[in-house]
Amino acid sequence: MKAGKNRYEWMIAMRFLLRGRGQTLLIVLGIAVGVAVQFFLSALISGLQVSLIENTVGSSPHIQVLPADRLPVRAGPGVSGQNRDYGRVLIDERTEIHSWQQYVNDLKRDPRILRAAPVANGQGFIERGSAVDAVVVKGLVAPGGLDIYKIRDKTVSGIPELTSDNALLGRRIAERLTLAVGDKFFLRNDRGDRVFLRVGGIFDLGAAAGNELVALSMDRVRSLFAISGVSAVEAQVRDVFAAEAIAREYGRQYERVKLESWQEKNRELLTGLRSQSTSSVTIQFFVIVSISLAIASVLGIAAVQKQRQLGILKAMGATDRSASRIFIIQGVILGGVGSVLGLALGLLMGWGFVVGTGAPFGLEISARTLFTPIVLALLAAVVASTVPARRAAQLSPIEVIRNG
Amino acid sequence: MADIVLRSRDLSKTFFGKVDTPVLHGINIEIVRGAFTALIGPSGSGKSTLLNCLGLLDPPTAGEIEFDGRLIRERNVNELAAFRNANIGFVFQFHYLLPEFNAYENVLLPCWIRGGKPAVETRREALRIMERIGVAAFKDKAVYELSGGQQQRVAIARALVQKPKLVFADEPTGNLDRESGRAVLELMSELNRESNISLVMVTHDREVALRADHIYELVDGRICKYLDVAKTGKAAAEAAVEDRSCTIK
């Protein structure tokens, strides 16, 4: 009985909408454009952010366990006594972690953490013939260490193995020094000690910094740079945005080391992403407001236009609640049809954008980006239709009949 | 003792506004079941207001209404709406059909309101009524394509579809040309005679009123004349209706 009664309200709502076809079409298009813009904007910005974050932290550690108090210490003349030693960071006892195995084990056991590995860092020079080039040297442990930097995935030639004399070179260095797989070169440390190495593989990490790396086995780096422990323990987490919280949690547990997350090192990027999200939310908010106002005004006009009909329906026995429901239902229909149409339009816009501009990132099409605009549009439609609905409920049939 | 379907006691109505306008003063009226009752009187005498009060569309300021022996107490508007739907049909001067629906759908609207999609039996009955009234031929036409007389007939079919106890008609021919007006009137008195539906009609046309079984004349919100045509006889009734003098009881 109840459901049957509702059906007449649906039927009348449908007829009211179909009768004012032009008006209905306009408002549906209005909602559709609003939903399309919302979907497109949020999918685009999410896609952009995902790609930015992937570029930033995809091939680098999310959390680093570093020696406590690793402040750059301005040194006096170095061991060689030369002036250029001024301003260089002294390799200090405190720049090492000695009991690193414990940290690696702890981190590896944590289900939130994808992989963890120790690393030994150094700064050296590659000598080849008369050419000398400054490089960042990383001593890694396979496979975890290689995977944090995605070296195995990004190797463009050679084999990504860290055997004793093998060095894996970033593409930029290899090009600059015209080194190919199998070539040999000298790597000198800051004290002038040299080792003779062979190019085992060349990788391309895309980002500029990554391609300036020389990766060796950790033991090789430790002996070359006289590190008895390791420089850091590095880890990647499953949810990149949880890195800061996880780092803080471990930071409280460990006393002799400090923990840094990628977020702390990329404050500017994060601020940028956040303001991007804020502006996107702001735009979406105003789109919703304009949709609501449009629905409220169109249905408000409709409620006035249909006064006669509502009056006669009430005289024939329609209740106040039914009269108001007729308008809420119109709102739901407008919102529903408009948002489905809008989503189709938004997908089309997104496809056009990706194909048309050749954007290096895709749209983020997720439950959130898909359903948020629909839910918001429906909600806006229902809220907006309460205004004419109330008017419809309050209308007295006698007013209509008395005034002809 | 006549079978009374509707009775009012001391019914008064005042329109409140900047200046309060009393329209009805202590109306006592009895509507006999199955009879045709006419409410006549000059414009502004309160006929339509009385009809709307009796039809439970407009709440009276004072007094009570008894429907089928049951006192209609101050029910809320929604209960009254359901009560109207089940018991009362209306035919107004301006036919008030819904332009969003065709003729057949308009006739079925009270059934939709009552219980959702009408059953096959109800639809058949509606069609039968439309046939009787002579509008079945254009049941699928949009109402604005129909002539005034045809529209009013559709409105009559709609008023009858739920088999109400009472049909209220407010100047149903007022907006029609003479020819279609007469036809509509003819139809309404025929329907009244055929069925047990009581008909209460407001009219300012004395000729129309003379077709009725009972005539109430209103002047300035008071009943000044009551005629039971069967008792007084047609000729006496005619003379009484033509007599412009009025004794307020």
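The values are calculated or read from the model by the stated rules, or taken from the named source; none is laboratory data. Being a predicted model, the structure only gives us computed values, none of them experimental. Heads up, the Cβs are rebuilt from the backbone with ideal geometry, glycines too, and the neighbour counts pull from every protein chain shown.
Within segment B:120-139, being within 14 Å of residue B:163 (Cβ to Cβ) and at pLDDT 85 or above holds for B:121, B:122, B:124, B:125, B:126, B:128, B:129. One residue stands out in segment B:105-133 among those that are closer than 27 Å to residue B:178 by Cα and under 20 Å from the mean Cα position of the chain (by Cα): the one that is nearest to the other protein chains (Cβ to nearest Cβ), namely B:106.
None of B:179, B:242 is free of Cβ contacts under 8 Å to residues at least 40 places away in the same chain and within 24 Å of residue B:152 (Cα to Cα) except B:179. Within segment A:293-347, restricting attention to residues that are within 11 Å of chain B (Cβ to nearest Cβ) and among the charged types (D, E, K, R), the residue that is surrounded by the most Cβ atoms within 10 Å (Cβ to Cβ) is A:314.
Matching residues to (1) among the acidic types (Asp, Glu); (2) under 12 Å from the mean Cα position of the chain (by Cα):
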position	(1), (2)
B:25	no, no
B:29	no, no
B:32	no, no
B:40	no, no
B:51	no, yes
B:64	yes, no
B:67	no, no
B:73	no, no
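For (1) under 30 Å from residue A:369 (Cβ atoms); (2) of a type outside the set (Ser, Thr, Tyr); (3) surrounded by fewer than 16 Cβ atoms within 10 Å (Cβ to Cβ); (4) modelled with pLDDT of 80 or more, each residue gets a yes or a no:
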site	(1), (2), (3), (4)
A:34	yes, yes, no, yes
A:41	yes, yes, no, yes
A:46	yes, no, no, yes
A:49	yes, yes, no, yes
A:81	no, yes, yes, no
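Taken over segment B:204-246, the residue count meeting the criterion of being within 25 Å of residue B:15 (Cα to Cα) and in contact with a strand residue (DSSP E or B) (Cβ under 6 Å, 6 or more places away or on another chain) is 8. Taken together, the residues in segment B:54-84 that are away from chain A (no Cβ under 13 Å), hydrophobic (A, V, I, L, M, F, W, C) and surrounded by 16 or more Cβ atoms within 10 Å (Cβ to Cβ) amount to 3.
Looking across segment B:192-220, the residues that are over 18 Å from residue B:51 (Cβ atoms) and in a helix (DSSP H, G or I) come down to B:193, B:194, B:207. Across segment B:138-154, a minimum of one residue is classified as among the small types (Gly, Ala, Ser) and in a helix (DSSP H, G or I). Exactly one residue out of A:195, A:156 is in contact with a helix residue (DSSP H, G or I) (Cβ under 8 Å, 6 or more places away or on another chain), within 17 Å of residue A:219 (Cα to Cα), assigned to a strand (DSSP E or B) and touching a residue at least 12 places away in the same chain (Cβ under 8 Å): that is A:195.
Considering segment B:89-104, the residues that are of a type in the set (A, V, I, L, M, F, W, C) and more than 9 Å from chain A (Cβ to nearest Cβ) include one that is surrounded by the fewest Cβ atoms within 10 Å (Cβ to Cβ), namely B:91.
Screening residue B:159 on (1) over 22 Å from residue A:318 (Cα atoms); (2) part of a helix (DSSP H, G or I) shows it passes everything except condition (1). Restricting segment B:41-53 to residues that are away from chain A (no Cβ under 11 Å) and buried (at least 18 other Cβ atoms within 10 Å of the Cβ) leaves a set whose member that is nearest to residue B:10 (Cα to Cα) is B:50. Quickly run through segment B:198-210 and pick out the residues that are buried (at least 19 other Cβ atoms within 10 Å of the Cβ) and not hydrophobic (A, V, I, L, M, F, W, C). Residues satisfying the conditions are B:198, B:203.
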